[in-house]
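Trainee: Supplied in structure tokens, the structure appears directly below.
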Amino acid sequence: MSDLKSVLGEAVEAAFAAIGAPPELGRVTPSDRPDLADFQSNGALAAAKRLGKNPREIATAVAAQLAGDPRLASVEIAGPGFINLKLGDAALSDRSNVIAADPRAGAETVAHARKVIVDYGGPNVAKPMHVGHLRASIIGESIKRLYRFRGDEVIGDAHFGDWGYQMGLLIGAVMDENPEIRAFVEVLNELPEPLGDTEFFLADDPRATVFDTVSLADLDRLYPEAAAKGKSDTDYRDRARKITAALQTKQPGYYALWQRFRDVTRVALERDFHALGVDFDWWKGESDVEHLITPMVAELDAKGLLVDDQGARIIRVAKEGDKRELPPLLVVSSEGSAMYGTTDLATILDRKQAFGPDLVIYCVDQRQADHFEIVFRAAYQAGYAAEGQLEHIGFGTMNGTDGKPFKTREGGVLKLNDMIEMTRTKARERLHEAGLGEDLTPGEFEDIAGKVAVAALKFADLQNFRGTSYVFDLDRFTSFEGKTGPYLLYQAVRVKSLLRRASDEGAQAGPVTVSEPAERDLVLTLDAFDAALTEAYDKKAPNALAEHAYRLSQAFSKFYAACPIMQSEPATKASRLTLAATTLRQLELALDLLGISTPERM
Ligand code: ARG
């Protein structure tokens, strides 16, 4: 690590060692009193206890060791024995020149790159996406980008939900509504051949065009009714279960109709996700591991892991010492269907064969914590992954003002697409209010409104630690003031326009020489980027990065207010232009890692 905090930390550790104190106590932290110091070390207190000495005495001895360090402007002792460190302007200038020359703006890479899969988003065929999926998409996208930026080899997978009971429900509902579809499905179901030949047969058969009439709107309309009926009507539910089981054997009629459902849904989902700046590397579905299930079940059986349970087959995962009893993994239902956990287990096997990940991060609603614990234990028992390679990172919910998971005014779940549209509308209003974007073409304005909307939604989410729930407040999220995505975009655009003006005037950037307090503070903030990234990476917590982006914007604002740029004499102007350009690069990088893209102008 070459950031100032690490470099200084090493120097202070060496000073502790030199006076016979444990070096690890020399750890430094950013100062609590930025007016007095840049960094501080509180280790003298603990060292004094260990060595049976007076803390101020220890601090004085450490300070004496550091006295000659050319990077330090002062070392002072405060209170009972805190060591306050202030860097010299030269050390800060050197560091900013290094960051300025670095395309990664001071960010390091990991020493040992790993292969990582981020399983996130988790959309389904037919079942509408709810706010849980919004958070899964926003947080997962950021974690994917962050891990990749740190140097890991990363794949983001949507793990499309396309193989469960909801498919049986929907096939039944579509057939009930449309006799022509029913008739053709029944014809196809009589075919002896399972899959490939069905497609061949379909290509030739004019009746197959009836499937093309099924639209996403039909699925959206039929699914909620079917789901409700499946709950109240046991015959209806049993039929849906039977269809699901038959679909999973690829019975041609069901399979062909299902393909239509899957395809229309996928196109719409990809479009919505893309509008949100969420793009998956893999769109593998639960159905993609279908071919692995029969051999997997046989293998689990051979390993003695399967237990019969009232016609179903399960794996027991409860362990001694568990605080509460975990239910078993349901591998095969009594109808013979693969369940949600079955496809998850087979997917672990599939990913192992296809990519061999060192780590799989499942970014899914906290409410599925038990599901993952059960699947992971089964996978470890079966030897499909090594203990610790599978990690569920849960998150809280996005709530309405009533404190419950956010719903539409009608009480339904809010669809992702509607959520984005609603935010865009608000973003347009906000831009008009602020008098922004008035000189742009309508196309450019729309592009910016889209970016403001995405920044608003994502930053509002990512500024909280993922475990915390938060309240959906569109007014606040879209404001250009305060700790919001739009504020950060506005700051970035301001720097862009400053740099454009400078270049129009032929002003050149040059080496940084730091002197003003606001410059010092800006450089210290730029220097803290790597620490923020490390924290976000280690804790899988993008909020550390969101916080850094916000601090950087604030430090820049203060610098911009206190330190004139264009009116300064040439060397100062050149230095400050470099600081501005470096801030912009780091800010855009940080925003990009949050999944937020910055417009050129506003
Ligand atoms: N489709 C699931 C749902 O809507 C989420 C999938 C999460 N990922 C996984 N591997 N199970 O609840």
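Trainee: When you scan segment 350-364, do you find a residue that is in contact with a helix residue (DSSP H, G or I) (Cβ under 9 Å, 6 or more places away or on another chain), closer than 19 Å to V289 by Cα and surrounded by fewer than 16 Cβ atoms within 10 Å (Cβ to Cβ), even just one?
Mentor: Checking segment 350-364: at least one residue is in contact with a helix residue (DSSP H, G or I) (Cβ under 9 Å, 6 or more places away or on another chain), closer than 19 Å to V289 by Cα and surrounded by fewer than 16 Cβ atoms within 10 Å (Cβ to Cβ).
Trainee: Do we have any residue at all in segment 51-58 that's under 17 Å from V12 (Cβ atoms) and assigned to a loop (DSSP other than H, G, I, E, B)?
Mentor: For segment 51-58, residues under 17 Å from V12 (Cβ atoms) and assigned to a loop (DSSP other than H, G, I, E, B): absent.
Table: residues versus (1) in contact (Cβ under 8 Å) with a residue 40 or more places away in the chain; (2) within 14 Å of the ligand (Cβ to nearest atom); (3) of a type outside the set (K, R).
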{"position": "A338", "(1), (2), (3)": "yes, yes, yes"}
{"position": "A369", "(1), (2), (3)": "no, yes, yes"}
{"position": "A379", "(1), (2), (3)": "no, yes, yes"}
{"position": "A386", "(1), (2), (3)": "no, no, yes"}
{"position": "G396", "(1), (2), (3)": "yes, no, yes"}
{"position": "N417", "(1), (2), (3)": "yes, no, yes"}
{"position": "M422", "(1), (2), (3)": "yes, no, yes"}
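Trainee: Another question, then. P206 - would you say it is more than 12 Å from the ligand (Cβ to nearest atom) and closer than 22 Å to K242 by Cβ?
Mentor: Answer is no for this residue.
Trainee: If only one of L300, L345, L305, L329 is under 13 Å from A378 (Cα atoms), buried (at least 21 other Cβ atoms within 10 Å of the Cβ) and away from the ligand (no atom under 16 Å from the Cβ), which one is it?
Mentor: Values: L345 fails: away from the ligand (no atom under 16 Å from the Cβ); L305 fails: buried (at least 21 other Cβ atoms within 10 Å of the Cβ); L329 fails: away from the ligand (no atom under 16 Å from the Cβ).
Matching residue, one of L300, L345, L305, L329: L300.
Trainee: I've got another one for you. Looking at segment 353-367, which of its residues are out of contact with any Lys or Arg (no Cβ under 7 Å at 6 or more places or on another chain) and within 14 Å of the ligand (Cβ to nearest atom)?
Mentor: Answer for segment 353-367, where residues must be out of contact with any Lys or Arg (no Cβ under 7 Å at 6 or more places or on another chain) and within 14 Å of the ligand (Cβ to nearest atom): Y362, C363, V364, D365, Q366, R367.
Trainee: Filter segment 130-153 down to the residues that are in contact with a strand residue (DSSP E or B) (Cβ under 7 Å, 6 or more places away or on another chain) and more than 16 Å from the ligand (Cβ to nearest atom) and list them by number.
Mentor: Y147, R148, D152, E153
Trainee: Ok, one more. Closer than 30 Å to K451 by Cα and acidic (D, E): which single residue out of D309, D279 fits that description?
Mentor: D279
Trainee: For residues that are of a type outside the set (D, E, K, R), touching a helix residue (DSSP H, G or I) at 6+ places or on another chain (Cβ under 8 Å), outside any helix (DSSP H, G or I) and crowded, with 20+ Cβ neighbours inside 10 Å, tally how many sit in segment 125-154.
Mentor: 4
Trainee: Can you name every residue in segment 9-41 that is free of Cβ contacts under 8 Å to residues at least 40 places away in the same chain, not acidic (D, E) and not in a helix (DSSP H, G or I)?
Mentor: Of everything in segment 9-41, those that are free of Cβ contacts under 8 Å to residues at least 40 places away in the same chain, not acidic (D, E) and not in a helix (DSSP H, G or I) turn out to be G20, P22, R27, T29.
Trainee: Looking at F280, F261, F273, which is the one that is crowded, with 18+ Cβ neighbours inside 10 Å, within 35 Å of the chain's Cα centre (by Cα), within 24 Å of I171 (Cα to Cα) and touching a residue at least 60 places away in the same chain (Cβ under 8 Å)?
Mentor: Going through F280, F261, F273 in turn, just one is crowded, with 18+ Cβ neighbours inside 10 Å, within 35 Å of the chain's Cα centre (by Cα), within 24 Å of I171 (Cα to Cα) and touching a residue at least 60 places away in the same chain (Cβ under 8 Å): F261.
Trainee: Moving to a separate point now. G81 fails exactly one of the following numbered conditions: (1) surrounded by fewer than 18 Cβ atoms within 10 Å (Cβ to Cβ); (2) in contact with a Leu (Cβ under 9 Å, 6 or more places away or on another chain); (3) more than 26 Å from A549 (Cβ to Cβ); (4) not hydroxyl-bearing (S, T, Y). What is the number of that condition?
Mentor: Going through the list (1) surrounded by fewer than 18 Cβ atoms within 10 Å (Cβ to Cβ); (2) in contact with a Leu (Cβ under 9 Å, 6 or more places away or on another chain); (3) more than 26 Å from A549 (Cβ to Cβ); (4) not hydroxyl-bearing (S, T, Y), G81 breaks only (1).
Trainee: Can you list the helices (runs of 4 or more DSSP H) found entirely within segment 484-577 that contain at least 3 residues being modelled with pLDDT under 95? If you could, list the steps in order and put the result at the bottom.
Mentor: Values: elements: 485-504, 517-527, 529-539, 543-562.
Correct list: empty, since no element meets the threshold.
Trainee: Another question about this same structure. Out of all the residues in segment 94-116, is one or more within 16 Å of the ligand (Cβ to nearest atom), at pLDDT 95 or above and either assigned to a helix (DSSP H, G or I) or crowded, with 21+ Cβ neighbours inside 10 Å (or both)?
Mentor: yes
Trainee: Filter segment 369-427 down to residues that are of a type in the set (G, A, S), at pLDDT below 90 and surrounded by fewer than 16 Cβ atoms within 10 Å (Cβ to Cβ) and give me whichever is farthest from M129 (Cα to Cα).
Mentor: G403
Trainee: Right, another one. Might you check whether a residue that is within 12 Å of the ligand (Cβ to nearest atom), of a type in the set (A, V, I, L, M) and over 24 Å from A228 (Cα atoms) occurs anywhere in segment 119-129? Explain how you work it out, then say what you get.
Mentor: Here is the first cut: in segment 119-129, the ones within 12 Å of the ligand (Cβ to nearest atom) are 119-129.
If we keep only those that are of a type in the set (A, V, I, L, M) as well, we get 125-126, 129.
Filter again for over 24 Å from A228 (Cα atoms), leaving none.
The answer is no; no qualifying residue exists.
Trainee: Identify, by number, the condition in (1) within 16 Å of the ligand (Cβ to nearest atom); (2) of a type outside the set (D, E, K, R); (3) touching a strand residue (DSSP E or B) at 6+ places or on another chain (Cβ under 6 Å) that I83 doesn't meet.
Mentor: Unmet condition: (1).
The values are calculated or read from the model by the stated rules, or taken from the named source; none is laboratory data. Everything numeric here is computed off the predicted structure, so don't read it as measured data. For neighbour counting, all protein chains shown are included, and Cβ atoms are generated from backbone atoms with ideal geometry for every residue, glycine included.
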